[in-house]
Structures are given as structure tokens and as C-alpha cells.
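**Student:** The structure follows.
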Amino acid sequence: MQHEGYLRREEAYGIIRALTKEGTSIKEIVRRTGRSRRLVRDIVRGGGGDVFRSRSNVLEPHLAWLDAEWSAGYRNGAELWRRLQTTAGFRGSLRVVAEWATRRRRAESAGSERLRKPPPVRVLSRLLLSERDQLTKGDAITVARIERDVPVLVSARDLVERFHRMVRDRDSAALPAWITDAAGSVLASFGKGIIADRAAVAAAMTQPWSNGQTEGQITKLKLVKRQMYGRAKLDLLRARLLAPA
């Protein structure tokens with residue numbers, strides 16, 4: 001949750017910085033974004049927004065070096081401070097470097113926590129079957145990780161998309177190949193159901209008839225029955241459904 005808040009905040013700060021580069025005045029930025037004048041002025045002057053930036057700008061020239069050392073495995077703030085003093089003659093305090101290391105560690109921990117907690121099955125199904133341009137940045141990252149680490153789900157998604165396309169195009173000739181491919185996937189049980197009712201599935205793809213009208217009437221009957229539950233008897237239910245007919 002904290003990591004998501006940081007991402008939203010960074011997005012808002014990025015908009016302010018982009019408007020600043022376009023030459024937009026602080027007053028106009030405040031009007032467009034709805035942010036406080038103090039916050040906008042702080043960002044315009046180079047402050048705020050960066051989770052890895054110390055309150056002091058003394059670290060600015062050394063951020064690239066710190067990133068490289070962090071990636072090399074040096075994660076202790078005091079050790080980074082001593083190395084920075086020795087290597088680059090850094091004159092800032094230990095607290096400045098320690099704060100940077102703490103914030104960097106917290107941000108990575110938040111990202112790892114998100115990765116360890118996969119979304120619920122329904123949410124995951126929706127994400128995998130959604131168009132990529134309809135996903136938020138966070139959801140797109142989640143889908144990319146799933147595609148990289150869980151290829152069996154990618155295969156299942158492709159099979160589902162093939163089945164949808166097959167039904168939409170009424171392509172019953174593609175059904176045998178689909179059943180064969182599904183047999184070795186996580187959709188194997190669904191494929192067995194298709195085999196058990198294969199004639200009906202093929203007829204649904206080739207025949208112009210539909211039971212949509214029947215299903216619609218059943219849905220209406222159930223809806224009216226639930227609305228009247230505890231308040232009326234069968235004679236009123238019969239009157240409501242048969243009289244219009």
C-alpha cells in the first residue's frame with residue numbers, strides 16, 4: 001500500500017516537473033494540478049518526490065556511485081559513508097548516507113512484498129485476459145512477472161484466447177486441435193468436459209439456434225421470485241409472469 005502511494009505521488013510530481021519544463025508558471029501549475037503552492041514551489045526548485053534523495057543536496061553528485069555500490073552488494077549505511085569519504089572525499093555526515101540507504105532498503109522491501117503476495121485468482125484471470133494497453137502500470141508489471149516466472153499460466157491464457165476466438169468465428173474445425181493442446185495444460189479438466197459434450201459444443205459453433213431466449217426467461221423468473229420471497233404466493237407469481245405473455 002505504501003509502495004503504491006509512492007508511485008502515485010511520483011506520477012503527480014512528474015506532471016509538475018513536465019509543466020515546469022514547458023515554462024508553465026507556478027500559479028498555473030497549482031491551478032491545473034490542485035496541489036499546494038508550497039509543494040509546487042518546492043518541486044520546481046528541485047526538492048521533493050525522490051524516495052532515494054536526502055533532504056540535503058550534498059548527495060546529488062554521488063547518487064550514481066551509491067547506486068553502483070548498492071548493486072555491488074554494499075548495503076550498510078556506515079560502510080557506504082566511509083567508502084564515499086575515501087573514494088570521493090565526501091564531507092557530508094553519516095546521517096545523510098544512512099537515510100539514503102534506509103529509504104532505498106525500504107523501497108526494495110516494499111517491492112519484494114508485492115511480489116511475494118500474488119493477486120487473487122479472479123484478479124489474476126482478469127489481468128491475464130485484459131489487453132495490455134488497458135492495464136495500469138502496476139498491473140502491467142505484475143503480468144510481465146507472471147509471464148516470465150509462470151509460463152504454464154501463459155500457455156493457459158493462450159488456450160483460453162484460442163477458445164474464445166474459435167467460438168466467435170464459429171470455427172468448429174479447430175476444435176480437435178484445441179482439445180489436443182488443452183490435454184497437457186492446466187485446462188485439461190475443462191478439455192475433458194468439452195470432449196464429454198463435444199456434439200453440443202460443435203452444434204453451438206455451427207447451428208444458428210440459441211437457447212438465449214430460454215435462459216433469459218429463466219433469469220427473469222428467478223429475479224421475480226426473489227423479489228416476492230416472503231411477501232406473495234404462487235398465484236401472484238403466475239399472474240406476473242403469465243399475464244404479459
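**Student:** Kindly establish whether Arg157 is part of a helix (DSSP H, G or I) and among the basic types (Lys, Arg).
**Tutor:** Yes: the conditions hold for Arg157.
**Student:** Let me ask something else about it. Tell me, which residue of segment 223-245 that is in a helix (DSSP H, G or I) and loosely packed, with under 10 Cβ neighbours inside 10 Å is modelled with the lowest pLDDT?
**Tutor:** Among them, the one singled out is Leu242.
**Student:** Answer yes if at least one residue in segment 136-152 is hydrophobic (A, V, I, L, M, F, W, C), outside the structural domain of Glu10 (by TED's automatic domain parsing), over 30 Å from Glu11 (Cα atoms) and at pLDDT 80 or above, and no otherwise.
**Tutor:** Within segment 136-152, one or more residues are hydrophobic (A, V, I, L, M, F, W, C), outside the structural domain of Glu10 (by TED's automatic domain parsing), over 30 Å from Glu11 (Cα atoms) and at pLDDT 80 or above.
**Student:** While we're on this one: Residues in segment 67-90: is at least one modelled with pLDDT under 80 and more than 32 Å from the chain's Cα centre (by Cα)?
**Tutor:** Scanning segment 67-90 turns up no residue that is modelled with pLDDT under 80 and more than 32 Å from the chain's Cα centre (by Cα).
**Student:** On the given criteria, is Arg103 touching a Ser or Thr at 6+ places or on another chain (Cβ under 9 Å) and modelled with pLDDT of 75 or more?
**Tutor:** yes
The values are calculated or read from the model by the stated rules, or taken from the named source; none is laboratory data. Bear in mind that the values here come from a model prediction, so they are computed numbers and not experimental data. With ideal geometry, Cβ positions are generated from the backbone for all residues, glycine too; neighbour counts draw on all protein chains shown.
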